[in-house]
Amino acid sequence: MRLTRFDFRRLAAIYAGGVLGALARVGLAEAVPHGPDGWPWATFLVNMAGALLLGYFFARLRDHPEDSLAHPFLTTGICGTLTTFSTMQLELFQMVDGGYLGLAAAYVGLTLATGYVFVRVGIFLERRPEEAA
Amino acid sequence: MSALAWVAVGLLGGAAAAARFLVDTAIAARTGHPFPHGILAVNICGALALGLVAGVALEGEALVIVAGGCIGSFTTFSTWILDSHRLAQAGHAHLVWLNLGLSLLAGFAAVAVGHWLGGVL
């Protein structure tokens, strides 16, 4: 894959967003630890916040061509890195492994359903002022 | 955690985000299909790697740096869900369920396989 100068600037923007997203997620995980029998609040909260923000930024920047560096910085960088799929899956595995099947079912169901709703709420929040005008 | 560990989390998190973008873009360019193959591949690879790290029982700051800073940053929940929403908006309802179901099942299996491999190593 050949990278142009713009691609490098875009990669740098994603890198910068990734630094912030990773620090925020790991910081919260360190502040709010949990065991396999408890609700993983840290992961749940970053995933929901990231879904809401990504929906908002996606709607906000949709009509702009992707020539601004704000787009990769905010979406792929911050939101993409603030949220995590692998940690959620490991938590699910540890719940199932520990025999907490009800907790695992609730965690996966609520994460998916609430995450989906939050993406839509984010999009709705951005579009509302325009439609009212 | 030491200041150095936080620096490592930040630097690796940025690198993992850039790697996610590169892998996703490369795969999307090859498939040219609305189904988000790239993010699926990224998330399943990350789940396998995290299972492996949990299986070898890494601990302390090393665990936080590798698991949280690197692998956690590489995979993404928000893009996965937004992609599902976009598939629904484009009228590909069956692809929404495929994207959610396949990611969940394959992700769980990947963690289990990684965990087992890590235990064997």
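Bear in mind that the values in this text are calculations on the coordinates, not laboratory data. Since the structure is predicted, the reported quantities are computational estimates derived from the model, not experimental observations. With ideal geometry, Cβ positions are generated from the backbone for all residues, glycine too; neighbour counts draw on all protein chains shown.
Taking interchain pairs and intrachain pairs at least six residues apart, which have beta carbon atoms under 9 angstrom, with the first residue in the stretch A:82-107 and in contact (Cβ under 8 Å) with a residue 24 or more places away in the chain and the second acidic (Asp, Glu) and in a helix (DSSP H, G or I)?
A:TYR107/A:GLU91
Only residues in the stretch B:19-40 that are small (Gly, Ala, Ser) count as the first member; pair them with residues that are outside any helix (DSSP H, G or I), Cβ under 6 angstrom, at least 6 apart or cross-chain, and list the lot.
Pairs that qualify, where the first residue is small (Gly, Ala, Ser) and the partner is outside any helix (DSSP H, G or I), are B:ALA26/A:MET1.
So how many residues does the stretch A:1-55 have that are farther than 22 Å from B:ALA8 by Cβ, facing chain B (nearest Cβ under 7 Å) and in contact (Cβ under 8 Å) with a residue 60 or more places away in the chain?
Number satisfying all stated conditions: 4.
Considering only the stretch A:70-81, how many residues are at the interface with another protein chain (Cβ under 7 Å from one of its Cβ atoms) and under 13 Å from A:ALA49 (Cα atoms)?
Qualifying residue count, the stretch A:70-81: 3.
Hey, among A:THR81, A:THR87, which residue is closer than 20 Å to B:GLY14 by Cβ and under 10 Å from the mean Cα position of the chain (by Cα)?
Of A:THR81, A:THR87, the one residue that is closer than 20 Å to B:GLY14 by Cβ and under 10 Å from the mean Cα position of the chain (by Cα) is A:THR81.
Residues are listed down the side, and each one gets a yes or a no for (1) part of a loop (DSSP other than H, G, I, E, B); (2) surrounded by 22 or more Cβ atoms within 10 Å (Cβ to Cβ); (3) acidic (Asp, Glu):
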{"position": "A:PRO33", "(1), (2), (3)": "yes, no, no"}
{"position": "A:HIS71", "(1), (2), (3)": "no, no, no"}
{"position": "A:ILE78", "(1), (2), (3)": "no, yes, no"}
{"position": "A:PHE93", "(1), (2), (3)": "no, yes, no"}
{"position": "A:TYR107", "(1), (2), (3)": "no, no, no"}
{"position": "A:GLY115", "(1), (2), (3)": "no, yes, no"}
{"position": "A:GLY122", "(1), (2), (3)": "no, yes, no"}
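Looking at this structure, is B:THR75 within 18 Å of A:THR75 (Cβ to Cβ), facing another protein chain (nearest Cβ under 10 Å) and surrounded by 19 or more Cβ atoms within 10 Å (Cβ to Cβ)?
yes
Limited to the stretch B:66-121, what total is found for residues that are closer than 15 Å to A:THR81 by Cβ, in a helix (DSSP H, G or I) and either of a type in the set (Phe, Trp, Tyr) or touching a residue at least 60 places away in the same chain (Cβ under 8 Å) (or both)?
Number satisfying all stated conditions: 4.
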